[in-house]
Amino acid sequence: MRKKSMKLLIIHEIFYPEFSGGAEKILLEIASRLRKEHKIVLITSGNPSIKYFNKIRTVRVPVHRMLLNIFALPYILAYGKKFDVLIGNTYHSALPVAIASLLLKKPAICIVHGAYGKKWLEMKGFMGLAAILFEKIIFKLPFSRFVFFSNFALHSAMKLGVNRKKCITIPPGIDIKKFKRRKKERFVLFVGRLEKQKGIDMVIKVAEILPSVKFIIVGKMREKINEFPKNVQWRGFISEKELTRLYESALIFFLPSRAETLGYSILEAMAARCAIVSSVPLTFYGYKIQNKDKVEDIARKIKEMIESKKTRKLGEKNRRIVKNYTWRNFIATFNKLINSLTKK
């Protein structure tokens, strides 16, 4: 049976070549694959002179990403008339997509990249109350469906009031073939934004306790760090090729996040045969950080894993687990979703 081709208008707060984190990486993978079957236009913030990225047609609103909720609506209304489905993303594009959906009488999907609830208080203190309120508003917006990447993100959103009947979980895929076998080196890798949400403060404390263990940190500094311990290398932003090589070489991947919707970097590390030490409730081999754990407990576990000959076997097991995350399954399920919405 021939697949039905549709016109999909995607709206996200930031898109390549500008990059913030895992949300952009996942969205690029989704849009690139959907483009092979459907007509795609992506509205985002940034430089209007950038018309395409990876053969994806982009329309750029010349404002800061956090202002897209305010300024994107005219663009969505102008383009949305000719499209079958509107696809928004949390956080800063959800509101105008929901409004345009009502005005244009078009089905709309919200891809959820965050549902943290009370964890915002731990990450932002008193200011976290505004973030919690914002999330509650998003999950009450009249989207046809909310797409989650994990069941734990869905459960968090349910506590914020999302209608369970409108929700679907579709785990993303991972391009496992791009991660080759490489000799493992005895170092710990962290990949993510350097901020409290990702647990960078804990990474630094653990590194201080283990001065003989090498740590490599990759990511943009979002919160000021005056000085790194001598055994820590901060690489900042690096190319995808360099990052892949680091994943392939690292023995342990360390992500002590306080809040995650999925933890896509963990899937990448698993594909590269890393043992995992993380608080994120994914299935992996390594060490699952518990709420009761002190920094000293985590440091002791990492030291044991660095010195153990069995750690490489944990990475091999992780490689087998991550084979279940395929983009083929994601796109097939997503196509069924948009087909059901357009039929209605």
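The values are calculated or read from the model by the stated rules, or taken from the named source; none is laboratory data. Nothing here was measured: the structure is a model prediction, and the numbers come from that model. Here Cβ is always computed from backbone atoms with ideal geometry, including for glycine, and neighbour counts include all displayed protein chains. Only protein heavy atoms, including side chains, enter the accessible area calculation; ligands, DNA and RNA are left aside. Shrake-Rupley method; radii C 1.70, N 1.55, O 1.52, S 1.80 Å.
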Tally, over the stretch 206-229, of residues that are touching a residue at least 60 places away in the same chain (Cβ under 8 Å) and in contact with a Phe, Trp or Tyr (Cβ under 7 Å, 6 or more places away or on another chain): 1
Residue within the stretch 127-135 that is in contact (Cβ under 8 Å) with a residue 40 or more places away in the chain and either more than 22 Å from V280 (Cα to Cα) or of a type in the set (K, R) (or both) present: yes
Filter pass, V213 being open to solvent by less than 20 Å² (accessible area, probe 1.4 Å), within 29 Å of L121 (Cβ to Cβ) and of a type in the set (A, V, I, L, M, F, W, C): no
Residue check, N324 part of a helix (DSSP H, G or I) and under 30 Å from K36 (Cβ atoms): no
Members of the stretch 298-330 that are open to solvent by 50 Å² or more (accessible area, probe 1.4 Å), at pLDDT 95 or above and either closer than 18 Å to E248 by Cα or touching a Gly at 6+ places or on another chain (Cβ under 8 Å) (or both): K310, R312, K313, E316, K317, R320, K323, R328, N329
Matching residues, the stretch 278-320, being under 20 Å from R182 (Cα atoms) and among the β-branched types (V, I, T): I306, T311
Set I209, I252, I217: member being closer than 17 Å to V277 by Cβ and out of contact with any strand residue (DSSP E or B) (no Cβ under 8 Å at 6 or more places or on another chain): I209
Residue match in the stretch 176-188 (condition: aliphatic (A, V, I, L, M), part of a helix (DSSP H, G or I), at pLDDT 95 or above and under 21 Å from K214 (Cβ atoms)): no
Test: residue in the stretch 181-197 that is in contact (Cβ under 8 Å) with a residue 60 or more places away in the chain, in contact with a strand residue (DSSP E or B) (Cβ under 9 Å, 6 or more places away or on another chain) and among the small types (G, A, S): yes
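Do you know which residues across the stretch 291-315 are in a helix (DSSP H, G or I) and charged (D, E, K, R)?
Kept after step one, since they are in a helix (DSSP H, G or I), are these residues of the stretch 291-315: 295-307, 311-315.
E296, D297, R300, K301, K303, E304, E307, R312, K313, listed by residue number.
Scan the stretch 119-131 and give yes if some residue there is open to solvent by less than 50 Å² (accessible area, probe 1.4 Å), closer than 29 Å to M202 by Cβ, modelled with pLDDT of 95 or more and within 22 Å of the chain's Cα centre (by Cα), otherwise no.
Within the stretch 119-131, none of the residues are open to solvent by less than 50 Å² (accessible area, probe 1.4 Å), closer than 29 Å to M202 by Cβ, modelled with pLDDT of 95 or more and within 22 Å of the chain's Cα centre (by Cα).
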Those helices (runs of 4 or more DSSP H) lying entirely in the stretch 13-102 with at least 2 residues more than 20 Å from the chain's Cα centre (by Cα): 68-71, 73-80
Check on E37, open to solvent by 10 Å² or more (accessible area, probe 1.4 Å) and either in contact (Cβ under 8 Å) with a residue 12 or more places away in the chain or over 17 Å from Y91 (Cβ atoms) (or both): yes
Some residue of the stretch 262-285 being buried (at least 21 other Cβ atoms within 10 Å of the Cβ) and on the phi > 0 side of the Ramachandran plot: yes
